[in-house]
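Scroll down for the structure; my scribbles are underneath it.
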Amino acid sequence: MNAGAAGKGLLGTAGLLGTAPPIMEVRDLSVVRGGKQRACVARFDLQDGEVLAIMGPNGAGKSSLLLALALLIPSAWASYRFLGKEVSVRNVLGFRRSMAVVFQDPLLLDTTVSENVLMGLLMRGMPKEEAQGKVQHWLRRLGVAHLALQKARTLSGGEAQRVSLARALALQPAVLLLDEPFSSLDVVSRMGLMKEIKPLLRQTSTSAVFVTHDFTEAAVVADRVMVMESGRVVQEGTPRHVLAAPATPLVATLVEFARVMAGMLGQ
Amino acid sequence: MSLVAEGIKKAFSMLVQGDPELWRVTLLTLRVSGTATLVSLAIGVPLGVLLGLSRFPGRNVVVSAVNTGMGLPPVVVGVAVSLLLWRSGPAGAFGMMYSPGAMVVAQCIIALPQVVGLTMAGIMQLDPRLALQIMALGASRIQLYALLVREARLSILAAIMAGFGAVVSEVGASMMVGGNIIGQTRVLTTAIVLEVNKGNFDVAIALSVVLMLLAYSVTAVLTVLQQKGRHV
């Protein structure tokens, strides 16, 4: 695990993208669920092509923030600009169709693998033949083309999560939102997918927001890390910066594990 | 014992010979109960989906009412529909009393809670995050509901079976609002009651056999649909 390399990569990207307006720009976002404030974020920016990790312990409000950004749960904001337009409650569907979400569990529908990937494309009114071509392409890309005709419920966890990723990427979203996509996988599937996801996002120039409680994952996949604690952002920066100077004791604890691991590997 | 044997013999001879009255009664039964089931599905499945997904104050009261309705006595429905359709009643102007239409209305009311209740249960059994995932795929409201119904299809097929089973076997409401008029509103159940009252046990047994076969065939078709592709 080399957190430093990931950090260097980010500096280059940020330098290139520094002048362009963010693809996603949110001010004063607040999520209240079950009578409790889950997330309260003053400023959230995502640059075009950037991979941002939202990190934090369980209950920090990471998933609430992600679901609110995905326009899937009720939330309030002072301003939410996406793709240069102000998001309005009236046109939520249009904005939602420019994003894709991958959840911790694959949540595949009870039908074949290819139907699962096809569905979102058909919802957008894409002609079936064109859509089927895309399905084939993305299943191949994620290495699960041989499973196309299988029932989704018969797949292993790793296979299912690959299909779930193919389903999201096939939509060619402007922003891909990932809610702990690797945490229910075994180590082998997890490492495999983690290594593949970053080049995939780069090649397709997809911006991504990636929720995780694991600093190692954040360091491997993300250009920038945003750490949350009790619903608020406590630190933002490159993985290298967060690793070097954790802002709170909790952030320190979160990165400690990665540091210990790196130290052990160093020996 | 000989009575039963006689009855079964009579049943088969009626079936084999294609007794025209038996056919007419059977077809009307299928038509009335089939229509009632279809109408109750058209109303009940969307209601069940909405009730399964929604959270509002007093929802438990509504759900309890639906669950109570699943055991609604057909005779009570018969009384209510009679009062409604009676010539001087609120819907008396339609002149529907003692018609197959009146029976469809009554049977619909009997099947509706079954369809709503079982659809709702089926939707509630789904992973709540599945609805989020479907919305995240870019589904409109209608597309979301359609996909959730598809995911809950086993429960909804059970709802169809329960609904049809309830209405094809009920006698109280059909008797009251249909009147058991020969050639017009006589269905298998009301005919069975009549034949028993007349002491024609053999005909009653014959009709019972037909009713059971009808219920079994419809349920068998639905069961095949339900179990298709369910392998572990």
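The values are calculated or read from the model by the stated rules, or taken from the named source; none is laboratory data. None of the values given here were measured: they were computed from a predicted structure. All Cβ positions, glycine included, derive from the backbone under ideal geometry; neighbour counts span all protein chains shown.
Note on the range A:200-267: enclosed helices (runs of 4 or more DSSP H) holding 2 or more residues that are more than 19 Å from the chain's Cα centre (by Cα) are A:239-244, A:249-266.
Checking the conditions here, which among B:R24, B:R31 is over 30 Å from B:A158 (Cβ atoms), in a helix (DSSP H, G or I) and under 20 Å from the mean Cα position of the chain (by Cα)?
Criteria check complete, one pass: B:R24.
When the range B:83-98 is filtered for residues that are buried (at least 18 other Cβ atoms within 10 Å of the Cβ) and in a helix (DSSP H, G or I), the ones remaining, listed by number, are B:L84, B:L85.
With a requirement of 3 or more residues that are at the interface with chain B (Cβ under 9 Å from one of its Cβ atoms) and under 18 Å from the mean Cα position of the chain (by Cα), the strands (runs of 3 or more DSSP E) lying completely within the range A:51-137 that satisfy it span A:99-102. You will find that of A:A5, A:A70, the residue that is modelled with pLDDT of 95 or more and either within 25 Å of A:F182 (Cβ to Cβ) or of a type in the set (S, T, Y) (or both) is A:A70 and no other. The listed residues are A:L165, A:L169, A:L176, and the only one of them that is in contact with a Phe, Trp or Tyr (Cβ under 9 Å, 6 or more places away or on another chain) and in a strand (DSSP E or B) turns out to be A:L176. For B:D202, the criteria (1) modelled with pLDDT of 90 or more; (2) farther than 24 Å from B:V75 by Cβ; (3) part of a helix (DSSP H, G or I) hold in every case but one, which is (1).
Candidates are the residues of the range B:123-147 that are within 10 Å of another protein chain (Cβ to nearest Cβ) and more than 23 Å from A:L69 (Cα to Cα); the one that is surrounded by the most Cβ atoms within 10 Å (Cβ to Cβ) is B:L147.
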